[in-house]
Amino acid sequence: MLSSRSYLIRAMYEWIQDNHLTPYILVSAEYPETAVPQRFVQKGQIVLNISFQAVQNLRLGNHSIEFDARFSGIVEHIFVPIRAIESIYAQENGRGMTFSEDSDEDSPPDKEESHPAKSKNKSVKKPTHLKIVE
């Protein structure tokens, strides 16, 4: 299955734009194959404005985001693998979505997890937060 992260990013991008806000992404610049201007990277991360006013040729794909943008007047091609995106949010109010490394569903489950009956660890029943309403 494809990761849902790319679909969530596209949905958040559209929602932010529809609300006339500015979509920003926080990118792990050290993730393999990430191509961003290194002179703007701080602590291994870079924040990029991906609004249609700030970029050209924006492609929000299932595996990467690509676009052309100006940095200090120089046009650069940006390539960001979807897994390198840590969050997408509106610059004006900070509302958006943050992703963790654990939120990547496109990796196959552990063999033990896919066969719970064969798991070495017994499942622990957690109490429910639901209540019966009469």
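The values are calculated or read from the model by the stated rules, or taken from the named source; none is laboratory data. What you are looking at is a predicted structure, and each value in this text was computed from that prediction instead of being measured. As a convention, Cβ positions derive from the backbone with ideal geometry for all residues, glycine included, and neighbour counts pool all protein chains shown.
Checking each residue in the stretch 1-38 for being closer than 21 Å to Ile74 by Cα and of a type in the set (Ser, Thr, Tyr) picks out Tyr24, Thr34. Going by what's in this entry, would Glu76 be described as acidic (Asp, Glu), more than 15 Å from Ile9 (Cβ to Cβ) and assigned to a loop (DSSP other than H, G, I, E, B)? So Glu76 does not fit the description; no.
Please specify each residue of the stretch 39-53 satisfying the condition of being among the basic types (Lys, Arg) and within 24 Å of Val75 (Cβ to Cβ). Arg39 - this is the single residue of the stretch 39-53 that is among the basic types (Lys, Arg) and within 24 Å of Val75 (Cβ to Cβ). Of the candidates Ser28, Ser103, Ser51, the single residue that is hydroxyl-bearing (Ser, Thr, Tyr), modelled with pLDDT of 95 or more and closer than 16 Å to Arg10 by Cβ is Ser51. A search for C-beta distances below 9 Å between a residue of the stretch 55-74 that is without any contact (Cβ under 8 Å) to a residue 40 or more places away in the chain and any residue that is part of a loop (DSSP other than H, G, I, E, B) and of a type in the set (A, V, I, L, M), counting only pairs 6+ apart in sequence or on different chains, returns Leu58/Ile50; Phe67/Ile50; Phe67/Ala54; Ala69/Ile50; Ala69/Ala54; Arg70/Ala54.
Each residue in the stretch 74-100 was checked for being in contact with a Pro (Cβ under 8 Å, 6 or more places away or on another chain) and at pLDDT below 95, and 0 pass. Just wondering, is there one or more residues in the stretch 28-40 that are assigned to a helix (DSSP H, G or I) and out of contact with any strand residue (DSSP E or B) (no Cβ under 9 Å at 6 or more places or on another chain)? Within the stretch 28-40 (the criterion being assigned to a helix (DSSP H, G or I) and out of contact with any strand residue (DSSP E or B) (no Cβ under 9 Å at 6 or more places or on another chain)), the answer is no, since none of the residues qualifies. Taking every residue in the stretch 1-25 that is over 19 Å from Pro81 (Cβ atoms) and touching a residue at least 24 places away in the same chain (Cβ under 8 Å) and pairing it with any residue that is of a type outside the set (A, V, I, L, M) and not in a loop (DSSP other than H, G, I, E, B), at least 6 positions away or on another chain, the pairs with Cβ-Cβ distances below 6 Å are Ile16/Pro23. Exactly one residue out of Ala35, Ala29 is among the aliphatic types (A, V, I, L, M) and surrounded by fewer than 17 Cβ atoms within 10 Å (Cβ to Cβ): that is Ala35.
Across the stretch 55-81, which residue is surrounded by the fewest Cβ atoms within 10 Å (Cβ to Cβ) among those that are out of contact with any strand residue (DSSP E or B) (no Cβ under 6 Å at 6 or more places or on another chain) and not polar (S, T, N, Q)?
Only one residue tops the list, namely Gly73.
Count of the stretch 4-25 residues, restricted to those that are within 13 Å of the chain's Cα centre (by Cα) and either at pLDDT below 95 or not hydrophobic (A, V, I, L, M, F, W, C) (or both), is 8.
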